[in-house]
Amino acid sequence: QQLLWVFPTEPSDSVFPLNTDDKQVFINCRAKGNPPPHYRWTVNGRAITAESGPNYSLVEGNLLITNPHVVNHRGVYQCIATNTFGTIVSREAKVEFAFLENFSGKPRNTVSVREGQAVVLLCGPPLHYGEIKYSWVFNGQRSFLQQDARRFISQRTGDLYIAKVEASDVGNYTCAVRNMMTNATVFSSPAPVVVRRDAVMGEYEPKIEVQFPDALRVSKGSSVKLECFALGNPVPSISWRRADGNPLPGKIKINHSAGVLEIPYFRPEDAGVYECVAENSRGRNVARGQLLFQNADIAIDAGLQWECKAMGNPRPTYKWLKNGQMLTAEGRARIDAGKLTISRISLLDSGMYQCVAQNEHGSIYASAELKVVASPPDFTLRPVKKSTVVQRGGEAVLECRPRASPRAAISWWRGGQLLMDAERQTIMDDGTLRITNISKADAGRYTCVARNHFGSSSSTGTLVVKEPTRITVPPLSLDVTTGQSLVLPCEVSSDSSLNPKFKWFFNGKAIDFSRQEHFEMIGKGFAGDLMVRNIQLKHSGKYVCMVHTEVDTVSAAAELTVRGPPGAPEGLAVTHITDSTVQLSWGSGPDNHSPVTMYMVQARTPFSIGWQTVATVPDSVPGQMMHATVKGLNPWVDYEFRVVAINSVGVGEPSTRTKQIRTKAAVPKVAPVSVSGGGGARGELVITWEPVSEEHQGGEDFGYVMAFRPVGSSTWIQTVVASPEASRYIYKDDNIAPLTQFEVKVGVYNSNGEGQFSHVVRVFSAEEGKAPDLSSSKTASASEIEVHWKRIPPGSSRGKILAYEILFWEDGSRPSEAGRVRIISATTALLSGLKANTAYQISVRAQNSAGFGPGSAAFIVTTKKPPPNRPPENIEWKLTNSKIFLNWEHVKTMENESEVTGYKVVYRQAWNGMTSVLETNKTSVELQIPTGDNYLIEIKALSEGGEGSSGGPVRIPKMSSKFPTLCGMYVIGAGIMQMFCLANPTCD
């Protein structure tokens, strides 16, 4: 018996990168046969011999090229294996050197596309050799454009597909080509993409733009990649399946965008029809192609037709080899260019066949093994489908595909009745039974009988007819407001034996309930309602409920309109600026499905707290008006403006604020307030007022005008105070009698003129009084000073003394910055909140109905140094019966701290908070306390500067009968809070 043999390992193309450090090209060749074959090689059709040079050597049939040269060793290599039964020739192997040329520098045309439309950007790669990878760069970013459900890059052509263009897609796109062998990358000129504003593309069903061939022959063990991508609005989803209903092999890989399916390590069982399904809410489309296992099993007496095609210039010619020998067209074989036809196949036709395509530049080989089989019909591998479920009114297709050689004759039976072609019933050429307009009466068992010369066999399946699925409660189109929640119903009537599966789409994309916090599908069985919680504006759009059953698919759609507060007005502009008005104009923003009813204008100045609503003309700006005049502004003030739209839902987002503008200057419009005065020294009239804020000064060179006259006089005396911050003016005239009554008013002016005067008030001139006698001042602590003075004797003042005022200020600062303390009847005061170790000047003055009199001569008093900052440390305590014994370390003070004069012990029962205080000049104390409760104790150092800090309360637990003595230690320095031990009575 002769053994047929093949190439388990054939030579393959080798690409040698010029920049590699590896100086060898290794071409594999191994033939399987009995007896083992011997090998020889050719390059460009010439035999390789010892005379071909030292670069060539054979390693167990494999060809090794050492130190290959780019010119001398590139070419087409072929392995020839021979044993006593014959010779076979391997496929040709090209040895090439990888390269990648640059793109043309010619600018690319602008691509104009509508929003919602699809676009395809062509790469047009430059000349290259070796495996390349395509990528795209968007707007010159450092990272490559990421593929997703909307964007796909074909690795066959390099073209970029965008299924649905969005506004964010506007920009420049650059194709990047990388040679995987040389690692070189080149970039194309940028292709600009712009979005047309004349219209928006409507929704349409998927259009599969990238698809794989109708038929593709795949060799055993190789890897095949199928590309599939669809354009559409909404963006289609891509899924893959086998047409025969079998699951996809587990080894299959599908990339993240679902646009590429890869089958590694191809095997005969991977062959079949594969389908790519593109689906959106407008419909679905399917692309299919058949993957054929390269080796052929042909039934005896069948006909064989093989065709191979090659591309080349000039057009290639073809020849066929069988077992390495030239095949001629004679007898049952016919050769027509690349097409081989053999009629009535017999066992003698088995063997290894090769198609050779060649032109003046070289030749290429394609190989396949032909196995001829003869057998009776057999349904073992492909029986009639056990159960076919169809909806009433639909179509049933029952396949009958037994293995048989030669091909079997097919007949169909139902019960004992032979089925013939009829109005609704057809038996196809391939044996498939097709029944249309299915009714309940068509349900039952159907048997396929297959016969050939070698025998017969049969297989039976059941046809099950189900009621069609209908949506009885579809979702309804609704208007809702943001923040609300609702349920979109979707209920179906279906055959009770079916299990409907519900799927919801939002604006064409399937809702992923695991990632969408706003969406939840509720209901079971024949209801799949959609709950939408806390609805936002982004939830406006089209919702589609799609229901799948085993036999059919139905869907229903609804539009959800979400109404919300309006969006921000756009293009806010300021014109016609005066001293108190401006004109604003703007454009409308999105109304978010609820018309704008009015606009509100807001302003902000350096003097305002946040944004304030301002008065306008008209008072209420209606929603259809896009302009207004702002009134009541202050002159010579910097303003920013913004506009807010309001609709029936609520107040919307504010517009972008305007640039800061300044109103024109004008005469001051605000008079000073709180005009008063009195007091001072003999011969003085003291006038005071509240300064006018910068916001109301109206222009540059702002100041005050003083006007005053004795009561009864008709002549006003006027003078000017040029400082805008001034709040006091003293008019001196030794001829003014004490406590003379004046009429006083204060006006304002700036570089544009004089403004208004205040109301006229009456103010007394100073009385002829004396200052209080400041008898003593002494430091009480680091933050306190005690002040003592003598009362002004009765009769020495023409008016009744109403109060005394103590003024104090840091030595070296101005008296105008003095702090003040008012005392009604006492002659002593305690100044607190002072700085430690600081000198203060102190003065006292009296007040009567005419104002404040002269102040006493100032005393200088210095506050004490601050108390020690460190608390007492290493506090030890012992509790025995009703006594607590405390010990602690003496507190050492810093140079800038007051010396310790003693200690203050504060203790209280934890349960009622009653506090007791004990002061001592020692570092230990004995406390007499009631028993039966917890105690909290704090210890502070005392000094001239006041009390020092505490390290926190020490907690002493209550005594128990079990432990007659408790003791513990509170350590500050080590950072340990409190520890106590239950020990012997002495607590050693």
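The values are calculated or read from the model by the stated rules, or taken from the named source; none is laboratory data. What you see is a predicted model; the values in this text were computed from it and never measured. Don't worry about glycine lacking a Cβ; one is built from the backbone with ideal geometry, like all the others, and counts go over all protein chains shown. Heavy atoms of the whole protein, side chains included, go into the accessibility calculation; ligands, DNA and RNA do not. Shrake-Rupley method; radii C 1.70, N 1.55, O 1.52, S 1.80 Å.
Structure summary
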| read-out | value |
| --- | --- |
| Wholly enclosed strands (runs of 3 or more DSSP E) of the stretch 415-511 bearing at least 2 residues open to solvent by 30 Å² or more (accessible area, probe 1.4 Å) | 425-427, 444-452, 455-466, 470-473, 478-481, 491-493, 501-506 |
| Test: residue in the stretch 888-903 that is open to solvent by 40 Å² or more (accessible area, probe 1.4 Å) and at pLDDT below 85 | no |
| Failed condition for R563, given (1) under 35 Å from the mean Cα position of the chain (by Cα); (2) open to solvent by less than 60 Å² (accessible area, probe 1.4 Å); (3) touching a residue at least 60 places away in the same chain (Cβ under 8 Å) | (2) |
| Residue that is surrounded by the fewest Cβ atoms within 10 Å (Cβ to Cβ), among those in the stretch 724-740 that are farther than 18 Å from S674 by Cα and polar (S, T, N, Q) | N735 |
| G221 being at positive phi and either modelled with pLDDT of 85 or more or among the β-branched types (V, I, T) (or both) | no |
| Residue within the stretch 187-202 that is small (G, A, S), in contact (Cβ under 8 Å) with a residue 12 or more places away in the chain, within 30 Å of G105 (Cα to Cα) and not in a strand (DSSP E or B) present | yes |
| Candidates S674, S588 - the one that is on the phi < 0 side of the Ramachandran plot, open to solvent by 10 Å² or more (accessible area, probe 1.4 Å) and among the hydroxyl-bearing types (S, T, Y) | S588 |
| Sole residue being closer than 20 Å to R728 by Cα and either in contact (Cβ under 8 Å) with a residue 40 or more places away in the chain or not in a loop (DSSP other than H, G, I, E, B) (or both), chosen from S816, S783 | S816 |
| Residue match in the stretch 99-117 (condition: closer than 30 Å to E205 by Cα, open to solvent by less than 30 Å² (accessible area, probe 1.4 Å) and aliphatic (A, V, I, L, M)) | yes |
| Counted residues, the stretch 677-692 - those being in a strand (DSSP E or B) and among the charged types (D, E, K, R) | 2 |
| Residues (assigned to a loop (DSSP other than H, G, I, E, B) and either more than 21 Å from L478 (Cα to Cα) or among the hydroxyl-bearing types (S, T, Y) (or both)) located in the stretch 548-566 | T549, E550, V551, D552 |
| Strands (runs of 3 or more DSSP E) contained entirely in the stretch 43-91, each with at least 2 residues that are surrounded by 15 or more Cβ atoms within 10 Å (Cβ to Cβ) | 62-66, 75-83 |
| Selected residue (criterion: nearest to A666 (Cα to Cα)) from residues of the stretch 614-632 that are of a type in the set (A, V, I, L, M), out of contact with any Lys or Arg (no Cβ under 7 Å at 6 or more places or on another chain) and part of a strand (DSSP E or B) | V630 |
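Here's the yes/no breakdown for (1) at pLDDT 95 or above; (2) hydrophobic (A, V, I, L, M, F, W, C):
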residue: V649; (1), (2): no, yes
residue: T658; (1), (2): yes, no
residue: T663; (1), (2): yes, no
residue: A666; (1), (2): yes, yes
residue: K669; (1), (2): no, no
residue: S674; (1), (2): no, no
residue: G680; (1), (2): no, no
residue: V686; (1), (2): no, yes
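Each row is one residue, and each column tells you yes or no for (1) open to solvent by 10 Å² or more (accessible area, probe 1.4 Å); (2) among the basic types (K, R); (3) under 30 Å from P595 (Cα atoms); (4) in contact (Cβ under 8 Å) with a residue 24 or more places away in the chain.
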{"residue": "V637", "(1), (2), (3), (4)": "no, no, no, yes"}
{"residue": "E640", "(1), (2), (3), (4)": "yes, no, yes, yes"}
{"residue": "V667", "(1), (2), (3), (4)": "yes, no, no, yes"}
{"residue": "A681", "(1), (2), (3), (4)": "yes, no, no, yes"}
{"residue": "L685", "(1), (2), (3), (4)": "no, no, no, yes"}
{"residue": "E700", "(1), (2), (3), (4)": "yes, no, no, yes"}
